[in-house]
1. Of all residues in the stretch D:6-35, how many are of a type outside the set (A, V, I, L, M, F, W, C), within 13 Å of another protein chain (Cβ to nearest Cβ) and either under 17 Å from D:A67 (Cβ atoms) or surrounded by fewer than 17 Cβ atoms within 10 Å (Cβ to Cβ) (or both)?
2. Give me a count of the residues in the stretch D:218-237 that are out of contact with any strand residue (DSSP E or B) (no Cβ under 9 Å at 6 or more places or on another chain) and surrounded by 15 or more Cβ atoms within 10 Å (Cβ to Cβ).
3. Only residues that are part of a helix (DSSP H, G or I) and crowded, with 20+ Cβ neighbours inside 10 Å: list them for the stretch A:233-251, please.
4. If you take just the strands (runs of 3 or more DSSP E) that sit entirely in the stretch B:1-68, which of them hold at least 3 residues that are surrounded by fewer than 22 Cβ atoms within 10 Å (Cβ to Cβ)?
5. Are any of the residues in the stretch D:214-224 closer than 19 Å to A:A88 by Cβ, of a type in the set (A, V, I, L, M, F, W, C), within 14 Å of chain A (Cβ to nearest Cβ) and touching a residue at least 24 places away in the same chain (Cβ under 8 Å)?
6. Could you give me the residue pairs with C-beta distances under 8 Å whose first residue belongs to the stretch A:230-245 and is farther than 24 Å from A:K178 by Cα and without any contact (Cβ under 8 Å) to a residue 60 or more places away in the chain, whose second residue is part of a strand (DSSP E or B) and of a type in the set (G, A, S) wherever it lies, and which are 6+ apart or on separate chains?
7. Taking A:D100 as the residue in question, decide whether it is more than 7 Å from chain D (Cβ to nearest Cβ), under 14 Å from the mean Cα position of the chain (by Cα), modelled with pLDDT of 95 or more and closer than 23 Å to D:T83 by Cα.
8. Name the pairs: first residue in the stretch A:18-42 and facing chain B (nearest Cβ under 7 Å), second residue among the aromatic types (F, W, Y) and outside any helix (DSSP H, G or I), Cβ to Cβ under 8 Å, at least 6 apart or on different chains?
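The values are calculated or read from the model by the stated rules, or taken from the named source; none is laboratory data. These numbers come from a predicted model, not from an experiment. Note: ideal-geometry Cβ built from the backbone for every residue, glycine included; neighbour counts use all protein chains shown.
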Amino acid sequence: MIEMLEKGPRLAKAQNAEVGASKFCPGCGHGMILKTLAQTIDELELNDKAIFGCDIGCSLLSWNYMNVDTVQTHHGRTTPVIYGVTRANPDLVGIAYMGDGGGLAIGSQHLVNAAVRSENLLIIVANNTNYGMTGGQMSPTTMPGQKTETTPYGRDCDVTGRPAKGAEMVASIADPDKSFVARASVSNLRKLKSTFKKALKNVDMGGFSFVEVLSVCPLNWRTNNVQTWDRLKTMEEFFEVKEFVQREGLE
Amino acid sequence: MTTKHKAITVNDVAKGKADWHLYTDYCKGCGLCIVKCPKKCLNWSKEVGIYQTPAVEPNRDECIGCGTCELVCPDNAIRVEKK
Amino acid sequence: MARTRIVLAGEGGQGVQSIAKILVEAGYEAGKEILYIPNFGVEQRGGVSIAFCQIADEKIGEPRFSKGDIVIMLSDRAIDRCCTYVNENSTVIYDSSVCTKKPVCNAKNIISVEANKIANEQLSARVFNIIVLGVLLSATNVLELSDIKNAMEMALGKKFDAKPELRELNYKALEMGMGLIQKAGV
Amino acid sequence: MVKKLITQDTRMFLTGNEVIAYAANAAEAEFMYGYPITPQNEIMHTWCKLLPKTEAGFLQTEDEISAGFSTIGGILAGKRAFTATAGPGNVIMQDAQSMAEMMRIPFVCAVMQRGGPSTATVIYAQQETRLTCFGGNGEGFRIVYSTAGHQDLYDYMIKAFNTAWKYKFPTFMLADGYQGKMREPVTLYDPASRGIKMVPTETTLGGANGTRPVNHVRNTFNLEEELMEVLDQYQAEFDRISPEIEEYLEYKADDAEILIIAHGIVARSAMTAVDELRAKGIKAGLFRPITLRPLAVKPLRAAVKRAKQVLFTESANGQLAQMVLEKIYGLTTPYSTLFKMGVGVTGDDIVQKVESMVKEPATV
């Protein structure tokens, strides 16, 4: 039954209610990650402190998604822009949001050095194993055998090397006394929220946080709803979902 | 000023304990909620979403109003109102 | 308009820039217009090191000049590099106890000094560059000995205070350097 | 609030890089982001050495990409932030500089030119003129001051901050390795003592606390027309403010038969040459554009029109000349060139060239 309701969709305060439907494709993981992030910002009451930065690639479509001050930057450069912000104003809680290309390929030097220096921000890498906006090319995290536009016969690891494991890499260089490093998945958004909570609390305490979120890209994967969740399950077998580094006293 | 929101509404799910709404201006018809539903009671609807693709709606008798579909929806299209 | 253009060239590590700094600092403190460019290459150590110094009474225009009034060459490589800064108005001074050859260029005069030998035999290898500074002071004849001594105090005063005999050694080196040019009669 | 070190006129004997750090402090700059590259390094060194006294901030980044982008972050957070670079560092910082153009960020950068292309020399050149004016994948919505010595470095570094924050176009102080590394006397002063008021900064990210709507700063456009509408507006604004920004210097150019056009430190050699030539009875003069973006086109055309011949001289292969020639289109004054790529131009060089032009006039 179609009705005209007074109440609209249940949005977090940290979500921009004015834009209506998001710009993401049907079934895109970004929507799940971002709404969970927004809910976490609400629950930790960080709405006035949070600064959101997004990259290019699909993540740029979130340039007006959040109801917090936002900057949409350039390929892989969200990390330096946001730590530039928090270096200048350490009271802010900086969030740099990007895809696996922005985080682990074109912006990887920023990720590595931000982790080494324990820059005060949360870096979120939405890992959907391909470059979405540019049309579904191989990314650093493309799974062995996975077909993409630049690996039309499946990713051959003998030629391309093995998929990058971002969270493990960051965990191996992050300062355990200042950092929170985890991998989560959009298959469990309650768990994702508790992961974001720790990550943001750590940033609010002056620390460095990195969360890789296993995400989905039904459009470029060419998967239906059932296949999409199945593919995510396979990814979770390959990319271990867990907390790798957690500074003491963080709950 | 109040804007009204067009929605597919299934009232009195979960033995009358909840109302189920889907905002058609938000639903993109991805169907991810269908797979996640613990009761497997969501189905494609005759109504369409923002991209003129089928939206979804629950079988009133089977739906337990648990809110999993609302949680998982990437686009905030679903609202399960517990009474 | 009085302007003295100096090219001072040697091997990295010979202390060329150190004495150039003392010279220009002395000039600045004496109220002169100064423009000093240290030539700096990609090698942190070991290349040819050149200091371009100008001391003038009026505001200096060009930062780099084509020909020097005084061109000092402290190694074979410095000779190879710096003949280009010499013309018929230049005085060339080279250290014949370091260089194995004589500069071949059309200069007003070419003077050989043995600063390195004197340093090693009579004073200390460490004050080689200060002897050269003395040479330079005499050859340019635009600054007073007291100006240079004041600038040396600014640069090396702490070392001198810790080891007073160093002050004496450096002053002696400075005076011996000046004497070398006076002997040559420039 | 940073502490200002220079409260009264102070004559000092400094390297240019030191002057720039002092000037940034005098301009109340609060944060520097930087990455080592010769011949810029001593700007950072001096800035860092002064930090306990200035209470300003510094971040050494992982590369110039980050130095540029984190500077943008600092500026968006409301700080008077700046960076400095040179050569290949300037090349990779174009990424950030382009974004600063697109977002109208009051980005301030000191460029200490070195030899190019690529690594080349760490010493000196004027080969980043085109890059600094028109780098990136855009239209050159930038303001560029070209300095010619230490007093300029001090004056224009202070001015760069005010120009940037007033007009919201990225602003560059284009200098070079000679100016960075050389020492000459300079008078440092408190800008207030010259009637210069620093333009207040504005905060884009953070600190809203419900007092204003949230800001969504973007760099991306969906439609061609959407982009053009924005850029047309930028161009119109750039044209409108240009007369307020344009600066140039003429030296004995009024009656010059041979007009030398040079910028930066080469213009200083040209002044030496003009004096020598005049002493020999040759009527030479200098037109020195101080702003390369925007160029002071009207006085430039007037000076060129008055002259019988023009000489372009640069430590590059005509990067300024190309920009000028486009702006003097239609004038028929013949010109000659003295280009020394990556090498200093001396007064003697120019004197010889002009003398040859007197003997054998230019025909182009």
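1. Looking only at that region, the number is 6.
2. 3
3. Residue satisfying the conditions is A:M235 alone.
4. B:5-12, B:42-48
5. yes
6. A:L232/A:S185; A:E236/A:S185
7. no
8. Going by the 8 Å Cβ cut-off, the qualifying pairs are A:G20/B:Y26; A:A21/B:Y26; A:S22/A:Y65; A:P26/B:Y51; A:G31/A:F24.
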